[in-house]
Every structure is written in structure tokens, then in C-alpha cells.
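Read the structure below first, then the notes.
Just so it is clear, none of the values below were taken in a lab; they were calculated from the coordinates. Keep in mind the model is a prediction, meaning the values are calculated, not measured. When we count neighbours, we look across all protein chains shown, and the Cβ atoms used for this are built from the backbone with ideal geometry, even at glycine.
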Amino acid sequence: MINRSVCSAIFLSLLLFPGTLFAGGNTYPCATNYPIVLAHGMGATDDMLGVIDYWWGIEGALEDEGANVYVTAVNCMDSTANKAIQFKRQYLQVLAVTGKSKANIIGHSHGTIYTRYAISNLGLASKVASHTSMCGPHRGSAVADVIINVLPDSGKWLVGAALDVVYAFLLGDSNPNSLANAYDVSRPYMNNVFNPNTPNMAGVYYQSWATKIKTMTPDLVLQPTWLLLLFYEGANDGLVSVNSAKWGSFRGTEEGAWWAGGVSHINAINHFFGITPGFDAPQFYVDIVSDLKNKGY
């Protein structure tokens, strides 16, 4: 028998926080109609070396607020088309497991590109509710252009082959193709080949965000590429320019506290380990998913 004090506690909880005792209710801000599928970018995977989560603290934050979250994992380095095939297979598995007809895709970096390819060219359009892009190189990146153009043809092959060995043995890629990955995010390819052949599909809500380094980044590793992109493309996050990140409904640029150096491409997924003044990555994604819920997705 439940005693009087327990009954009083339950009544008080329902009065002050309605819906907190009964999971699945619409009171959770991230309880979307469709599950959330997170798609990682290039050069990394969902669980790096079995230690570092790509979406550092973000998946848990979304689940705590009622979201049903699934994390996909494709080759770290490969062509956009090959990654899209891998993504589609996992995406359909998510729909089968959840029994849902659609899902909401949130991609970061190259994860925004191979998911667009899967939607437009691999028949996923009718099975996708929304596509959210974070720091996506939709118009390519001058960083890729420079790497491709600086190396001689023989050097490209050698560097690509060396990277393939690293990603195959250390991060578990299956037949990686680092050189193809570089070409596929170059500006000429994205603007002249990819985008004309990968249009937005009717019935899918597309939105995007950018991040921006203002003076320097706390992770430091992207400082040189930030300066390179600043020269070629203007405001950027160290790997992708603000202009390139705009796709669909552009929702804005995150740059952190006024006194801080900015928000880098890596800070956008809460690395290195959540230290970004003025930018709370887990809360940022909670706000994104909460907004998707409010839009009926």
C-alpha cells in the first residue's frame, strides 16, 4: 500500500511539474514526432578510438529532454556517394526499429553533404521530415582546394594512400578513400557538379547554421586554416566559411561570447570537451530539436 507521504509527493510533482512522471508525454521539449538521426563529418566517426564521442554530450542532452536519438557511423574518409550508401542503410534500419515513416536528420560538416545526397539521389526524400545542417560545406571549402592544388599528382596519391591506411587500421574504415573525400568537398566540385545534381526535395524542411572564429579558437589546431579561409572566403570556422554553410533556411551564425575568440568547426560538436566560452553546444542542439518539435517534426 502506498503511504500518505508518497501520495503527497506524487501530487506535488504533478502539480508543479506536470508530465514529468509519465514519459512519452508532450511536455518534454525534445519529444519530436520523428526520431533524431545524427550524421558525423569527415575525418572522424561516432566513437573515435573507442574513447571519444563525436557528438560530445549532445546525444545525452537530447535524450534527457525527450528526444529519441540514433547516431549513424560511415567511413571517416570516403567519397560522398559511398558515405551516402552507408548512411541510407543505417537510416532505414532506424525507421524499421522505431516504426516511424520519417526521421529528422542533423548533420555536421560532411555529414550534411552525404545526407543531402542520400535524400536527393538515393530515394530517401519521402522518408525524411527535416534536414538540419551544422557547418556544412555546401559550396565547398578552400582548404580542400589548396590541399588538392598544392600537392603534385604523385604526392596526392601517396598522401591519400597513407591516410587510407591510418583510417582503415586505427578508426575501422572499410576501403577508405581520402583523396576522393578531398575532391568531393572542393569548391569546383560542390558548385559545378554536386549542387546542380543534388537539389532540395519537396516535402523536406532544410535549415542550416554556421559557426565563426573571430580572432582565435580555443582548440588552436584550426588557427592556420582559419587564416587561409579568411583570405579566400571571408568569415569562417576554420574549415568551412559562413557563406558555404548556408543552405535552405539559414538560421544564423554562432560566434560565442563577445569577449571570446569565437566558435570553431570542432567547437560546434562540443570539442574539445565542451570548453567554448559563450557557446553551450548541448543546449544549442536541444534548442534546435525543441524548435523542430514545435514545427511539428
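As a rough footprinting exposure proxy, the listed residues Val71, Val221 were ranked by other beta carbons within 10 Å of their own, and the order from fewest upward is Val221, Val71.
At R0 = 41 Å, how high is the FRET efficiency between Leu230 and Asp280 if r is their beta carbon distance? Nearest 0.05 is fine. Mind dumping the intermediate values first?
Details: r = 26 Å, r/R0 = 0.63.
Calculated transfer efficiency: 0.95.
The fewest-to-most ranking of Phe250, Phe231 by surrounding Cβ atoms within 10 Å reads Phe231, Phe250.
Quickly rank 37-44, 117-124, 128-135 as a protection proxy: mean count of other C-beta atoms within 10 Å, highest first.
Numbers: 37-44: 24.9, 117-124: 20.6, 128-135: 26.8.
The densest-packed peptide leads the list: 128-135, 37-44, 117-124.
Net charge dipole, segment 26-294: roughly 840 debye, given to the nearest 20, about the Cα centre with Cβ charges of +1 for Lys and Arg and -1 for Asp and Glu. Taking other Cβ atoms within 10 Å as a rough exposure proxy, Thr27, Thr32 sort from fewest to most as Thr27, Thr32.
Principal axis extents of the C-alpha atoms in segment 204-297 (largest first, rounded to whole Å): 41, 27, 20. Legend: P(r) of segment 26-294 from all alpha carbon pair distances, 5 Å bins from 0, whole percents, reading 1, 6, 13, 18, 21, 18, 13, 7, 2, 1, 0, 0.
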